[in-house]
Structure formats: C-alpha cells, structure tokens
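Novice: Let me begin by handing over the structure; questions about it come next.
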Amino acid sequence: MSTLILGIESSCDDTSAAVIRDGYLLSNVVAGQAVHEAYGGVVPELASRAHQQNIVPVVHEALKRAGVSKEELSAVAFTRGPGLMGSLLVGVSFAKGFARALNIPMIDVNHLTGHVLAHFIKVEGEENRQPEFPFLCLLVSGGNSQIILVKAYNDMEILGQTIDDAAGEAIDKCSKVMGLGYPGGPIIDKLARQGNPKAFSFSKPHIPGLDYSFSGLKTSFLYSLRNWMKEDPDFIEHHKTDLAASLEATIVDILMDKLRKAAKQYNIKEVAVAGGVSANNGLRNAFKEHAQRYGWNIYIPKFSYTTDNAAMIAITGYFKFLDKEFCPMEAPAFSRVAL
Ligand code: KG4
C-alpha cells in the first residue's frame, strides 16, 4: 500500500498544501499574499487572516491536482514552527481538525528541517539527484542564515548561524531604504545582473568560527548611502544597479567564506543550499564556481522549493511517517526554536 502525505505550510505569508506519494510529489499549491506589498513587510495580523481565507481552497486544490481523495491520505504533516504565531495557528488548527475528522495521524514538521529536506522531493520522470549523507546545507532565508551538518534525515547539527540579522533580512532592509519595494531579494537580484559588483565596497564582519553577522553590513550600507546622497540627492537612482550588484556580492562572499571554512573543517564535498535566498543568481553562480574550483557536488533546489512551500513539509512528513514519528493532538505551535 502506498503512503500518501498531505503537507500544510502556513508559517509566514504563503499558504501552501502539497501531496506526496511514497516520496514523489503529486501536487504543490501555493497562495501568496499580495496584501503585504503596500506595507513593505509582512503584517502578521493580515497574514493570519489571509491564511484563514486560503487554507480550505488551497488544500482542496492540492488534493484535486494530485487526484487523491482525503480518505486515501495516510497522514497529515504540518509546519509547527518556527514562524509567525498567528499564521502557524491557522495551519496547525486546520491539520488537527483534518486529522481528527479522518482519524489519521498527525506529523509535526520544523520549517527549517523542511527547507533542508526539500532536496529529497522526487518528481516522476525527473532526474531526482539527491545529496548523500553527510552533507552541508547553507540555509538562507528571510529569518535564518545557518550552516547545517546533515548526518541523516533525522539527525542535523547547526554548525554556525547568524548572531543578528539574516542574509535575506539584510537584503530586504537595504532594498527598503533604496525605495525598491518588498520583498527586496528578487528586485536586488534583477538589478544586480546589470551592475558592477566591484563598484562599491561595504564592510564585512569578523566573527570567529562558523557564525554569521549581517547587521554591520546593513549599517555600513545605510551610512555610505547617506554620505553619498549628501553629494548627489539622486545617488540611488544614478547607481541603482551598481549598488545592488555590490551589496549582493558582499552578502554572497560572507556566506561562501564560512561555508568554505565548514567544508574544509569537516572534509565534506556534498554541499547544498536551501531557503528563499537560494533563488539568488549571484549565490547560485558562487555555488557553481565552488563546485568547479573545490570539486564540490552541489545541490541547488528548484525555484519552487526555495521559498515557503508545503512540498518540503510533506516530504519531511513522509520520512517521519516511515519512522512512525507522530505528534499528539495537544502539540502547540512554536514561534521560535532551533532545529
Ligand atoms: O525562505 P523564505 O521564502 O521565507 C522565510 O524567511 O520564511 O525567504 C524569504 C527571503 C526574503 O528575504 C527574500 O527577499 C529572499 O528570501 N529572496 C531572495 C531572492 N528571492 C527571495 N534574496 C535574494 N535573491 C533572490 N532572488
């Protein structure tokens, strides 16, 4: 009998549901929330309300596209945290009601574990290249910048992480002061492709070990910008592409420096990247360069698995299902916690 897992993700501003059969993805539906654009950031209360509106149609659509009826499901996996509490509660409550009504087990998934295990989502008819254990995973999103040693599906160790801002957060904040809109990542990425990455230099952190820091870079960017604008009030407009390219290059350098250090220290050549910022072209190119120069086997996810999605929750749920790791009905959502 096949194992059919419904995954539900609602930790931030995307409502998503996905169905996986024996590790193969059947559907992955994501409803974004345009409502936040006007505010330059995610407004938690608006996110929760949008999740409330989206959750039923999104789950319905995911089951429909998968050609699966809810009675066939083996279990329902859901993001329990970390994330915005109000947003998480929508998915968690829905999963609980759904599991109870169908009398099937519930599987709680850590959102960050989901990002890492997105590399194991298989699609019928595709190559489905997967990292071998142990591998390193650079997890870079709006809220996290971590280097993770992945020893097995259920055995991960955080080797280093940001001590202040995340890489995505730094990009988003710099983009905001440049008046470019939200989220800044894709906008900076697009502009950077037309600019000179060496046009400006911004300060890089000197943090020992494998930890990251991005708040200094953000301050250096803002400070430099303010000075340049005293000379030329239209400085941003005149140098948009070069500013974006230089900022992106600095962030990519900071990320890759520590990742290289970790790869050397742990003597690992299997290296993956995950999370929203892994959509970035500069970072993807840096991975490809490192593969050539250092003989790394690199794993870069499809764009659709880089940002928040339920496919990664469903695949994590699938592995936990095989280990019979279910969660009790009273399991609460959590907003902050390590992997
Ligand atoms: O993993 P994710 O979707 O959400 C959470 O953090 O929960 O990551 C979102 C982050 C945002 O900071 C966004 O600006 C960034 O990923 N991002 C990018 C790109 N696409 C999204 N950053 C750089 N380049 C991109 N192409």
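Novice: Could you give me the residue pairs with C-beta distances under 6 Å whose first residue belongs to segment 172-192 and is closer than 18 Å to Ser220 by Cα, whose second residue is surrounded by 18 or more Cβ atoms within 10 Å (Cβ to Cβ) and among the hydroxyl-bearing types (Ser, Thr, Tyr) wherever it lies, and which are 6+ apart or on separate chains?
Specialist: What qualifies is Gly184/Ser175; Ile188/Ser175.
Novice: Determine whether segment 270-277 contains at least one residue that is closer than 29 Å to Asn28 by Cα, β-branched (Val, Ile, Thr) and within 16 Å of the ligand (Cβ to nearest atom).
Specialist: yes
Novice: Here are Ala17, Ala38, Ala66: which of them is surrounded by 21 or more Cβ atoms within 10 Å (Cβ to Cβ), more than 21 Å from the chain's Cα centre (by Cα) and either on the phi < 0 side of the Ramachandran plot or without any contact (Cβ under 8 Å) to a residue 40 or more places away in the chain (or both)?
Specialist: One residue alone meets the criteria, Ala66.
Novice: Just one of Leu259, Leu247 is under 16 Å from Ala167 (Cβ atoms), within 13 Å of the ligand (Cβ to nearest atom) and surrounded by 22 or more Cβ atoms within 10 Å (Cβ to Cβ); which is it?
Specialist: Only one candidate qualifies: Leu247.
Novice: For segment 278-312, give me each residue that is under 23 Å from Leu26 (Cβ atoms) and within 9 Å of the ligand (Cβ to nearest atom).
Specialist: Listed by number, the residues that qualify are Phe303, Thr306, Thr307, Asp308, Asn309.
Novice: Another question, if that's okay. In segment 309-339, how many are at pLDDT below 95, closer than 30 Å to Lys264 by Cα and either touching a His at 6+ places or on another chain (Cβ under 6 Å) or surrounded by 13 or more Cβ atoms within 10 Å (Cβ to Cβ) (or both)?
Specialist: Total satisfying the criteria: 1.
The values are calculated or read from the model by the stated rules, or taken from the named source; none is laboratory data. All values reported here derive from a predicted model rather than from experimental measurement. Positions of Cβ are generated from backbone atoms using ideal geometry, with glycine treated the same way; all protein chains shown enter the neighbour counts.
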